[in-house]
Amino acid sequence: MQDRQREVLLRALQDDDAGVRRAASAALEHLEACDDIAALQRALQSSDRHQRVAAVYTLERINTPQAGAMLLELLQDQDPDVRAVAVQAVGARQDRKALATLVRSLKDPAPAVAVHAAHALAHFKDKRLVPYLHAMCRSENAELVCACLDTLGEIGDVSGVDAGVGAATHPNPEVRLSAVRMLGQLH
């Protein structure tokens with residue numbers, strides 16, 4: 001069936017009407033994305049971590065609801081590397097349906113996942129995230145605290161000021177630096 005579809009769409013690329021050519025091009029892209037998703041589903045079943053991580057990066061570039069749903073599922077994957085990449089991809093896509101899961105990922109047992117979740121939340125610039133990020137600024141993981149402060153700065157809401165004030169006296173100079181930068185971004 002797809003061969004016939006592809007054949008018709010390829011001919012439509014030569015149509016006299018520009019609208020038909022644009023629609024044919026978009027339809028071909030959609031068919032290719034569907035083919036890619038089937039291949040990616042197989043790759044995600046692999047035991048090879050590198051192959052699975054590469055599949056997640058590829059999924060990020062496919063703008064279909066099915067690819068988005070697959071990325072959301074991968075936020076629960078057993079492999080922390082896959083989760084970390086999925087968190088980044090979901091954040092870049094700014095899928096609002098993923099906000100609650102990204103917030104839960106701030107407490108992921110794998111530090112890299114939590115740090116990437118904090119950075120991913122910056123894409124949303126949503127003031128409702130301030131209390132969650134503020135709470136994570138009490139973490140013992142300095143990298144996570146820095147990521148949360150950076151995201152609070154990106155959000156820019158003055159309700160995050162207490163997190164910055166508290167972190168400005170942290171023993172780690174990187175945390176203090178993030179706190180000072182964050183305080184300068186609030187308005």
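Only the coordinates and a few stated rules stand behind these numbers; no lab work does. All figures in this text were calculated on a predicted structure; none of them were measured in a lab. Here the Cβ positions follow ideal geometry from the backbone for every residue, glycine too, while neighbour counts run over all protein chains shown.
At-a-glance table
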{"item": "Under the Karplus curve 6.51 cos²θ - 1.76 cosθ + 1.60, θ = phi - 60°, whole-Hz ³J(HN,Hα) for the range 66-78, x wherever Gly or Pro sits", "result": "5, 5, x, 5, 5, 4, 4, 4, 5, 5, 9, 4, 6"}
{"item": "The range 85-153 pair-distance distribution - Cα-Cα, 10 Å bins, rounded %", "result": "24, 62, 13"}
{"item": "Karplus-derived 3J(HN,Hα), 6.51/-1.76/1.60, for each residue of the range 15-30, Hz, glycine and proline x", "result": "4, 5, 8, 5, x, 5, 4, 5, 5, 5, 5, 5, 5, 5, 4, 5"}
{"item": "Ellipsoid semi-axes in whole angstrom, largest first, where each is sqrt(5λ) of the Cα gyration tensor of the range 126-187", "result": "16, 12, 9"}
{"item": "Stokes-Einstein D (µm²/s) once Rh is taken as the Kirkwood radius of the chain over alpha-carbon pairs, at 37 °C in 0.692 mPa s", "result": "179 µm²/s"}
{"item": "Rg/Rg_globular for the range 25-112, with Rg_globular taken as 2.2 N^0.38 Å and Rg from C-alpha atoms", "result": "1.08"}
{"item": "Extension reserve of the residue 21-residue 51 stretch, reckoned as 0.36 nm per residue once the Cα distance is removed", "result": "7.3 nm"}
{"item": "Ranked by how many other beta carbons lie within 10 Å on average, peptides 45-53, 135-143, 89-97 from highest", "result": "89-97, 135-143, 45-53"}
{"item": "Where only alpha carbons of the range 67-117 are counted, the Rg and the Dmax (Å)", "result": "9.3, 26"}
{"item": "Förster-model FRET efficiency, 35 Å R0, residue 39 and residue 168, C-beta, rounded to 0.05", "result": "0.10"}
